[in-house]
Amino acid sequence: MGLSKESLEHPESSAAEQNKFLNHFKSLCDLVKEDKVVNPFKETGPELITLDTGEVMDHEISDCLREALNIGKAMLTEFVRDKIEKASKPLSDVIPRANLFTFTNRPPADRKKGADKLGSAKATKLSTPSCFCPYKHVLMQT
């Protein structure tokens, strides 16, 4: 029993998924043209910004996102070493979370150094472009 070509493809590589992505991308581009979201390509600084508000992210978040690939590679190396090569841990053991800060998982407000720190006023706001979250206006009011 052989594997079909479809079973080896990534689920998001289907024509339907690609068309859905293209439609979302066009919607995002329209929002940028209408100045409803920030155009990240016009920004010249090294800061990471949200598209919907133009809010500058805390350096802790930027650093975490920059290091995410390296952290993931280290976790994969540890997984392969401990569970496959050495078989010192069972495969059924849960892989621990990396606990990285992201747009939605921000550092606690009490860790910030003063109210003048960028991003502190909107620490609990959702930072997803409106074309990807149709109920964003409801969430932003809470």
Kirkwood Rh, angstrom, the range 37-85 [1 / mean 1/r, Cα pairs]: 13.0
Inter-probe distance in nm under a simple model that places probes 7 Å from Cα toward Cβ, at Lys33 and Glu85: 5.2
Proximal charge balance of Leu91 [Cβ under 11 Å; K/R count +1, D/E count -1]: 0
Length released on extending from Ile95 to Leu22, taking residue separation times 0.36 nm less the Cα-Cα span: 22.9 nm
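Read the figures in this text as sums done on the coordinates, not as results from a lab. Because the structure is a prediction, the values reported are computed rather than measured. Positions of Cβ are generated from backbone atoms using ideal geometry, with glycine treated the same way; all protein chains shown enter the neighbour counts.
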